[in-house]
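Contents: one structure, followed by commentary.
The values are calculated or read from the model by the stated rules, or taken from the named source; none is laboratory data. Just so we're clear, the structure is a prediction, and the values are computed from it rather than from any experiment. Neighbour counts are summed over all protein chains in view; Cβ atoms, including those assigned to glycine, are modelled from backbone coordinates with ideal geometry.
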Amino acid sequence: MPKLSDLKKGEKGKIVDVSSQEIPMKLLEMGCLPGNSVRLIQQAPFQGPIYLEVNGSYVAIRKETAKLIEIELSK
Amino acid sequence: MELNIQNILVVTSLILAIIFLVKKFSPKKTKGNCLNKDCGCS
Amino acid sequence: MSKQIKVALIGNPNTGKTSIFNSLTGLNQKIANYPGVTVEKKEGVCRLSRGTKAHIFDLPGTYSLNASSMDENLVVELLLNKNHKDFPDLAIIVSDVENLKRNLILFTQVKDLEIPTVLAINMSDRMKYKGIELNIEKLEKELDTKIILTTNRSKEWVGDIKNLIENYKELSSKIFLDTSIIEPEYFNNLKKIFPNQKLYKLWVVICQDVNFSNVSRQEIENTDFEIKSKSQLKRLQQKETIKRYQLINNILNEGQIIDSSKAQGFRAKIDKILTHKIFGYLIFLMVLMAIFQSIYEWASVPMDLIDSSFASLADWVKINFPSGAMTNLLADGIITGVGGIVIFIPQIAFLFMFISILEESGYMSRVVFLTDKTMQKFGLSGKSVVPLISGVACAIPAIMATRNIESWKERLITILVTPFMTCAARLPVYLIIIALVIPDEKIFGLNYQAIALMSLYIIGFVTALLSSLVLTKILKIKKRSIFVMEMPNYKFPRIKDVFYTVFEKSKSFVVEAGKIILAISVILWVLATNGIGDKFENPRNYITENVQEISQEEIQTLEASIKLESSFIGYIGKGIEPLFKPLGYDWKIGIGIITSFAAREVFVGTLAVIYNIDNYDDSVGKKEEIKKIMARETDSNGNKIFTLASGISLLLFYAFAMQCMSTLAIVKKETNSWKWPILQFIIMTALAYFISLISFQILS
């Protein structure tokens, strides 16, 4: 299953599952929940944080966190 | 130092200044909230 | 006395809550700290009709009532405690029109606490442009609340809000979501054990790490109630969030239409440039340089004005007041000392202005995004950039700005290294020393003095980074890599909001520092003009030069300096001189350094007071600029005191030493331990002494 961290710039996906134990609550409240679609807007250089649009919110998270979110790629 | 109004004023301001500084920099009791832990999102 | 209505302004960060607060209260506001915690408490008064007043509390921005930081804890604590003196009669939830869905999560949570609630949908003037249409009537009915559309463009809504505040008793306080549907079995059980408590309130208390006075965790844990593990609770919280989103989505499907084709053009275009992997960094550098350049260019005019005004004020007092000790204290001690700090208000105000613009416009988050990875290499977080940049103004608000850094280790290191950043209080010291020892000449079109100043800023920044690198290696704290940051919309900062921030911050800076400087000036002046012993009483007998051969004026100067040396301050100064001698300082600078431990900017005021007394000259009736007096200073062998070697040693001392009691007090509060401020003080000051010692010994 692809992870959110696999998303490339401009690509979209749909969140399938989040390992809720390790994910900060704040991220869930921003709408990072199963079923919502997500788009990668920008990737900071040197494997830095990623900048996402999810559920109408714009949020930046580190790659480590993105690895905990499973997605389904969409066109 | 003779006793005149100006000298009295000077001594008064000196005392006020010292009281202010002592009060300002004496440690106060504080209540802690976020102890040694990751207190951001969890 | 008429009843005062208490209103809490609550909302997600970046929703323009502060603009609404400013519109309602104007300059009738004060910023204080909540007792015990350094969370800023902003309170303002709003006048309603018939003499009633509303007290408006601008609470820290929060995404939900699942508090995860100190700022958010405070919101929860206030809303849960009915006995709190600031417990609101009603809450105004400010939300951003572009992200109603997320903003409504918080709205529904507050509503479930059974507090009368008004929904303010802000930036409503952008609706059309963003392709959003709202059916207000429908939303009001479904959300069971009153909705006000607010905007920065007009003021019409202010009256509507005031009306609602006045008639808050008519607002509905019914709950939105029945908490027990999250997990019926668990919550019905809870309801049975605490029949008198509100269910949602109980749930919030169970989930938080803080204690609330009227329902304590202990009370809950003491019953035979089934206690859930942390991870079980989290799952329930997640369930709650999903439930809320479901209900909100259903409502918005009917009450809101979004034409997404119009949505994100502007934002996307700007983001493309500002977060670009090359241009992003270049632009950031350019922004920083532009800020520094303009601070020095723009601030010089008002600074000269202030300088001359204070000199003439002192002259005026001397001439027009009855002569005596108090008049001298006023003119030589107080006005000179306070003038030494007031002169830096323009630069400080500009600095606060730029920082506030960077934050308000949404640019700061882009910088955080770009720098996170680099900062992580030094053991910091991208979010440390905000405190580090604010540290150029003042370490105190900067350290308070570390609060949104999630990882404790990254936050602690940021707190510890921020004081290395060149704060505004160092500026007076730097400027006067640089003017004294660095030639005002140009090389390749660059001014030596400007280069020197620039280097000091760079030294501060590099030291901050290097020490974090060292601290990451030394500190044995387990680190979790958490980082969640909202990327807000770009917006033009509202001039009024920027003005209020600059005004409030500069005011508190000057008042706080001013009080200390005032007190120290008084004490210094008294110590410097009083003494015991024959040398102080009859200085003329101790002049070594042949009195017949020198002019009356020179005799006066010599007398004054002998008198100062044998005053109380002279004895103290001479006592500590051996400590500072190896660094190239005389006893007067030594006194300046000692008093600077209250606050750095006291240095200039101290020297102003000491030198003024030394050079006191009634015949001319005019005050000399302190710089000129300092340039003339010599030691007993006739060598200049302020040379390149001693000057640079002094500059470096101020760059590294931890000379700010207020910062130490904040560090103590924020880390909740004496350990960190004490370590910080010892290490920074020792480093300063060591480096100054080496630099003086090499240069001299």
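Can you find a residue in the stretch C:266-279 that is within 13 Å of another protein chain (Cβ to nearest Cβ), modelled with pLDDT under 85 and surrounded by 13 or more Cβ atoms within 10 Å (Cβ to Cβ)? Taking every residue of the stretch C:266-279 in turn, at least one turns out to be within 13 Å of another protein chain (Cβ to nearest Cβ), modelled with pLDDT under 85 and surrounded by 13 or more Cβ atoms within 10 Å (Cβ to Cβ). Would you say C:LEU558 is among the hydrophobic types (A, V, I, L, M, F, W, C), out of contact with any Leu (no Cβ under 8 Å at 6 or more places or on another chain) and without any contact (Cβ under 8 Å) to a residue 40 or more places away in the chain? The answer is yes for C:LEU558.
Scanning the stretch C:55-75 for residues that are away from chain B (no Cβ under 12 Å) and not small (Gly, Ala, Ser) yields C:HIS55, C:ILE56, C:PHE57, C:ASP58, C:LEU59, C:PRO60, C:LEU65, C:VAL75.
Condition check for A:SER57 on (1) modelled with pLDDT under 90; (2) more than 7 Å from every other protein chain (Cβ to nearest Cβ): one failure, at (2). Within the stretch C:286-310, the set of residues being at pLDDT 80 or above and within 29 Å of C:ASP332 (Cα to Cα) comprises C:PRO302, C:LEU305, C:ILE306, C:SER308, C:SER309, C:PHE310.
Of the helices (runs of 4 or more DSSP H) lying entirely inside the stretch C:587-700, those containing at least 2 residues that are modelled with pLDDT of 85 or more and surrounded by fewer than 18 Cβ atoms within 10 Å (Cβ to Cβ) span C:644-656, C:675-699. I'd like to know if the stretch B:11-28 contains one or more residues that are within 7 Å of chain C (Cβ to nearest Cβ), in a loop (DSSP other than H, G, I, E, B) and at pLDDT below 60. No - not one qualifying residue is present in the stretch B:11-28.
Looking only at residues in the stretch C:49-82 that are in a helix (DSSP H, G or I) and touching a Leu at 6+ places or on another chain (Cβ under 9 Å), the one that is surrounded by the most Cβ atoms within 10 Å (Cβ to Cβ) is C:GLU72. Restricting C:ALA299, C:ALA331, C:ALA311 to residues that are within 14 Å of chain B (Cβ to nearest Cβ) and crowded, with 18+ Cβ neighbours inside 10 Å narrows the list to C:ALA331.
Screening C:SER260 against (1) more than 28 Å from C:LEU90 (Cα to Cα); (2) surrounded by fewer than 16 Cβ atoms within 10 Å (Cβ to Cβ); (3) modelled with pLDDT of 80 or more leaves a single unmet condition, (3). Looking only at residues in the stretch A:36-57 that are part of a loop (DSSP other than H, G, I, E, B) and within 12 Å of the chain's Cα centre (by Cα), the one that is nearest to C:VAL367 (Cα to Cα) is A:PRO49.
Of the helices (runs of 4 or more DSSP H) contained entirely in the stretch C:120-199, those carrying at least 2 residues that are assigned by TED's automatic domain parsing to the domain that holds C:GLN246 and over 19 Å from C:SER95 (Cβ atoms) fall at C:184-193. Reported count of residues in the stretch C:354-389, each being buried (at least 23 other Cβ atoms within 10 Å of the Cβ) and within 30 Å of C:SER309 (Cα to Cα), is 1. Looking across the stretch C:481-509 at every residue that is part of a loop (DSSP other than H, G, I, E, B) and facing chain A (nearest Cβ under 9 Å), the one that is nearest to C:LYS42 (Cα to Cα) is identified as C:PRO488. Selection of the stretch C:103-119 for residues being more than 23 Å from C:PHE492 (Cα to Cα) and assigned to a helix (DSSP H, G or I) yields C:LEU104, C:ILE105, C:LEU106, C:PHE107, C:THR108, C:GLN109, C:VAL110, C:LYS111, C:ASP112. Would you confirm whether any residue within the stretch C:464-477 is more than 14 Å from chain B (Cβ to nearest Cβ) and within 19 Å of the chain's Cα centre (by Cα)? Within the stretch C:464-477, one or more residues are more than 14 Å from chain B (Cβ to nearest Cβ) and within 19 Å of the chain's Cα centre (by Cα). Any idea which residue in the stretch C:390-410 is farthest from C:PRO346 (Cα to Cα), counting only those that are more than 9 Å from chain B (Cβ to nearest Cβ) and among the polar types (S, T, N, Q)? Result: C:THR402. Please tell me if C:SER567 is modelled with pLDDT under 85 and buried (at least 18 other Cβ atoms within 10 Å of the Cβ). Here the answer is no, as C:SER567 does not meet what is asked.
Can you tell me which residues in the stretch C:626-669 are among the charged types (D, E, K, R) and either free of Cβ contacts under 8 Å to residues at least 60 places away in the same chain or in contact with a Ser or Thr (Cβ under 6 Å, 6 or more places away or on another chain) (or both)? Residues satisfying the conditions are C:LYS628, C:ARG632, C:GLU633, C:ASP635, C:LYS640, C:LYS668, C:LYS669. Note on the stretch C:260-372: enclosed helices (runs of 4 or more DSSP H) holding 3 or more residues that are among the charged types (D, E, K, R) are C:265-274, C:279-320.
Just so you know, in the stretch A:60-75 the residues that are within 7 Å of chain C (Cβ to nearest Cβ) and hydrophobic (A, V, I, L, M, F, W, C) include one that is nearest to C:GLY280 (Cα to Cα), and it is A:ALA60. A single member of C:ILE93, C:ILE105 is within 18 Å of C:LEU171 (Cα to Cα) and at pLDDT 85 or above, and it is C:ILE93. For C:ILE543, the stated conditions hold: it is β-branched (Val, Ile, Thr) and out of contact with any Lys or Arg (no Cβ under 9 Å at 6 or more places or on another chain). Selection of the stretch C:144-200 for residues being surrounded by 16 or more Cβ atoms within 10 Å (Cβ to Cβ), among the basic types (Lys, Arg) and within 22 Å of C:THR18 (Cβ to Cβ) yields C:LYS146, C:LYS162. Scoring C:ILE355 on the criteria (1) at pLDDT below 85; (2) within 14 Å of chain B (Cβ to nearest Cβ) leaves a single failure, condition (2).
Only one of the numbered conditions (1) more than 27 Å from C:ILE348 (Cα to Cα); (2) surrounded by 18 or more Cβ atoms within 10 Å (Cβ to Cβ); (3) modelled with pLDDT of 85 or more is not met by C:ILE474, and that is (2).
Residue by residue, here is whether (1) of a type in the set (Asp, Glu); (2) in contact with a Lys or Arg (Cβ under 8 Å, 6 or more places away or on another chain); (3) within 28 Å of C:ASN152 (Cα to Cα); (4) without any contact (Cβ under 8 Å) to a residue 12 or more places away in the chain holds:
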| position | (1), (2), (3), (4) |
| --- | --- |
| C:GLU72 | yes, no, yes, no |
| C:ASP89 | yes, yes, yes, no |
| C:GLU98 | yes, yes, yes, no |
| C:LYS101 | no, no, yes, no |
| C:LEU113 | no, yes, no, no |
